[in-house]
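The structure appears below as structure tokens.
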Amino acid sequence: MKITVNGNRHELDVSPDMPLLWVLRDELNVTGPKYGCGVAQCGACMVHVDGEAVLSCQMPVGDLEGEVITIEGLGTPEALHVVQQAWVEQQVAQCGYCQSGQIMQAAALLQENPDPSDAEIDEAMSGNLCRCGTYPRIRTAVKTASASMRRA
Amino acid sequence: MGRVRTFSRRAFLVGSASIAGGVAFGVFKVNTPYPNPLAENLADGEVTFNPWVLIDGNKVTLITPHADKGQGVMSMQAALIAEELDIEFGQFETSFGDPSPAYWNTAMADEAAPFMATDQGRTAEAARTVIASLVKLLGMQGTGGSTAVPDSYVKLRQAGAMARETLKRAASEMTGVSVGQLTTSGGAVHLPDGRTLNYTELAQAASGADPVLRVDLRAPSEWRMIGKPMQRLDILAKSMGTQAYGIDARVEGMVHATVKTNPRQGGMLNGYDAEAAKAMPGVLKIVPISNGVAVVASNTWYAFQAAEAIGFDWGPAPYPAGQDQHWETLSASFSDKHLDSNWRDDGDVEAALGRGEAISAEYRSPYVAHAPMEPLNAIVRVTDAMVEVWTGHQMPTVLQRAVAGVTGHKPSQVRFHNAFIGGSFGHRLEAEYLVQAAQVAVQMKGVPVKMTYSREEDFAHDFPRHISMGRATGTVAGGRVEAIDLQIAAPSVVQSQMGRAGLSPPGPDPQIAAGSWNNPYAVPNFRMRAYRAPPLAPVSSWRSVGAPGAGFFFDSFLDELIHAAGADPMAERIRLMRHDVSRKVLEAVAEMSSWGGELAPNQGRGVAFVESFGVPTAEVVEVTDTEHGIRIDRVWVACDVGQIVDPVNFENLVQGGAVFGLGHAMNCEITYSDGMAEQVNYFDAEAMRMPQCPEIFVKGLENGPKIRGIGEPPVPPAAPALANAIFAATGQRIREMPFSRHVGFV
Ligand code: FES
Ligand code: FES
């Protein structure tokens, strides 16, 4: 089995029903995507597959079609993704464990809808749990990112 | 027990001596410190001036020993050192350091002393000093109880100042320029002729210089950092997905594991069948542990899958099997036999209750799971010479003892590498998962084993917040609250938690009553009695511990009486408040929220005030009763911590605390059936999600005489403020958490 993660090709020898999350974390040491619940309840494991937000805990690696981008592939410290920039600016994170997933979800939302309403933001982000309660800042950061995307 | 008593007596002597000698409480005692742990393993070219500063020819390292579980204390500790050391963010590295009694927590005593936080009289302060001495003698390092800021505030600035002055002395000896002519900034000493010596260049010279031990701290007017917005040191990594948590750690040659133990917590394992599991892909070994089994595999998911395939025969729970029995036990504990402490008895409650028509109510607060996003995990490697542990934990010495107890090493042979924690809320005070990880590692000697809980195991084995029940009776007269008689029955969380660490603390459990009796109101007749119910399910400290339950009971009942009196909920609380700092908090929240303004007919507002961890906190919640249920629209929080270190992080923590308090009050509980928690994953305990999150406005006041932590205090007032708001909007009084048992939420 071969998969492409953040532009790198990998050869794998694992059960095809292993969720992508565990392939990334334990086999490839790509640890940005987090294990939170394993049952599509928290969003901490979110990645992009061909640009679409996907819960990697729900994606058997054998069924994977397309290129995987994880948070590590979104931006670099020198060239942050606009969403990451907004997250830094608003200082969203507390423990930060949920934030990879929040950022990947927000990036997918803004890709599709660069100017979401409050209700659209709430709706899109409703699958991403934050136990630390950073929701007010997430909301502001999504709007900050949206504004700078529209400026660019 | 004998041991503790010996220590207490010694502590009292030391405590009295300190008081007599006028040594200020909480100040790092330069003349009687523990040895500096950094000095023990100093590499060539390194120099250290105290347990928090390490410099070599290449870099400055600041030791930030408090565990960071999201509250931002790594950054906060570094900022306090950097403020006096004259070094900027980006010019140094940080490390959690090795466990050491030198990092004993100077602020833990404040919460442990059985006095109102607002009481700063001689007796209360003397008791705090005595307890602090005990904490010091025991060398208790730990993070919890919102103590990281108060513990660090003075001693870390002193550490920075001592290092700075010693570096200046070294520069003076090196250059012949007198110390008085030297200045410092940006991690360097500056000479009057414009030359600059970086601290790293001075490391060698400074190691020979006499350390400067007496320093004056700068006046607040000179601060560069404290009180001003900072960018937390971890914010970039946490926005890039590169922050490594314990669950992300990797050690050469590591294997993966998971455990399953009796979901009837503390119950035995009668037998198991792992034949099918053994043959599953990736499985390396299946080994027994206390009350359960561990699967060792080449990958966490293989371990999870195989653990699911094991058949178990679990024994019964050592506590009542059904939730109803837990409540019945509490209900039967309101008797003299169970009286734990009479915390307050102002005026003459009996007489006052006889005078008017008494109002009575009963309240409940359920078991609640911590359920932080990062499930419990640890890497342990056991060799003959030592044990190494990689995990995020709040109590290094508890960890060392727990692991050593399994492996047979001395606690000092347990090397602990602390890690960033993906949320705790009290979960990472516990050591059971470490015992399990060590039990697996002992059976895989030499091999590092990373043990990870599944989310389901994490829910099943969360030691939740304790349940409690409140019974209140009161009277009103002439439009005023006249009498409150509050009784609370709960199992002792301190007894349960400390018991697991092999300790049995003497005296009453302050957490049964915390958040109720200590609110500085002057209700003319006020009695508060706490009853200790027999132990039930094992319980643990949950963010703000006793105050979310007892605070909910007290403030809700006060609200009921105020409504019965026909008074305004804000005005009557302000009238009753006898503590200036607290009154200003109420006045601030009234002003922020424009209390008393116009609302739609289906809207309502509630206010609540709870003092916890020394922080008076008032919250106003505004709700709308919609056709889809209750919607929380806006929340205002005012509180007083004496001094805010970083206003940005402060606001984030207060907002998060309000979300935490509201979300759990809305829909979270752990209930037992057949001895097992019925809630297995987040779909059973959602708390708040984004669409339910209100706008939250925060105001931090700085009138209090002592600096306080903000991790926990915003949690307790959230639930009563919400219940009071729902009452205002609908006329329905909710006396039981979670409120979803009685109303729907949008
Ligand atoms: S781990 Fe995938 S949604 Fe929670
Ligand atoms: S920041 Fe901790 S869970 Fe979101």
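Worth a mention:
- Chain B: C-alpha pair distances exceeding 51 Å, %: 15
- Label positions at B:GLN443 and B:THR242, each projected 7 Å from the Cα along the C-beta direction, are separated by 4.0 nm.
- 53 Å tail of the calculated P(r), the protein assembly as shown, as % of Cα pairs: 13
- Rounded to the nearest 20 debye, the dipole size of chain B about its Cα centre is 1500 debye, using +1 on the Cβ of Lys and Arg and -1 on the Cβ of Asp and Glu.
- Of the trypsin sites (Lys or Arg not before Pro) found in segment B:563-643, the ones in coil according to DSSP and having at most 14 other Cβ atoms within 10 Å of their Cβ are B:ARG578.
- Gain upon complete extension [B:ASP210, B:SER594; 0.36 nm per residue less C-alpha separation]: 132.4 nm
- 20 Å Cα-Cα threshold exceeded, pairs from B:LYS260/B:LYS285; A:LYS34/B:LYS285; B:LYS69/B:LYS584: A:LYS34/B:LYS285; B:LYS69/B:LYS584
- Farthest positive-ward along segment B:6-220 dipole, Cα basis, beta-carbon charges - from B:LEU54, B:SER152, B:GLN120: B:GLN120
- On the beta carbon distance between B:ASP674 and B:LYS285, with R0 = 35 Å, the FRET formula returns roughly 0.70.
- Mean Kyte hydropathy of -1.0 or more with a Cα span along the axis of at least 20 Å, helices from DSSP in chain B: B:2-21, B:122-137, B:148-175, B:547-565, B:647-667
- Under 16 Å from a label point set 7 Å out along the Cα-to-Cβ vector of B:ASP313, the amide N atoms of segment B:255-277 belong to B:262, B:268-275.
- The fraction of Cα-Cα pairs per 5 angstrom bin, counted from 0 for segment B:473-593, comes to 2, 11, 18, 19, 17, 12, 9, 7, 4, 1, 0 percent, rounded to whole percents.
- Of B:THR473, A:THR76, B:THR129, the sequence from fewest to most neighbouring Cβ atoms within 10 angstrom is A:THR76, B:THR473, B:THR129.
- Expressed per residue, the C-alpha convex hull volume of chain A stands at 106 Å³.
- Take the Cβ atoms of B:SER95 and B:MET254, set R0 to 22 Å, and the FRET efficiency comes out at 0.50.
- If you wrap the tightest convex hull around every Cα atom of segment A:50-140 and split its volume per residue, you get 108 Å³.
- Exposure proxy order (Cβ contacts within 10 Å, fewest to most) of A:LYS2, B:LYS155: A:LYS2, B:LYS155
- Rg/Rh for segment B:6-220 (Cα atoms only, Rh after Kirkwood) is 1.00.
- Sites B:ALA321 and B:ARG195 - FRET efficiency at Förster radius 56 Å, r taken between beta-carbons, to 0.05: 0.15
- Over all pairs of different C-alpha atoms, segment B:391-529 has a mean inverse distance whose reciprocal, the Kirkwood radius, equals 18.5 Å.
Quick note: the coordinates plus some simple rules give every number you see, no bench work behind them. No experiment lies behind these values; they were computed from the predicted model shown. Positions of Cβ are generated from backbone atoms using ideal geometry, with glycine treated the same way; all protein chains shown enter the neighbour counts.
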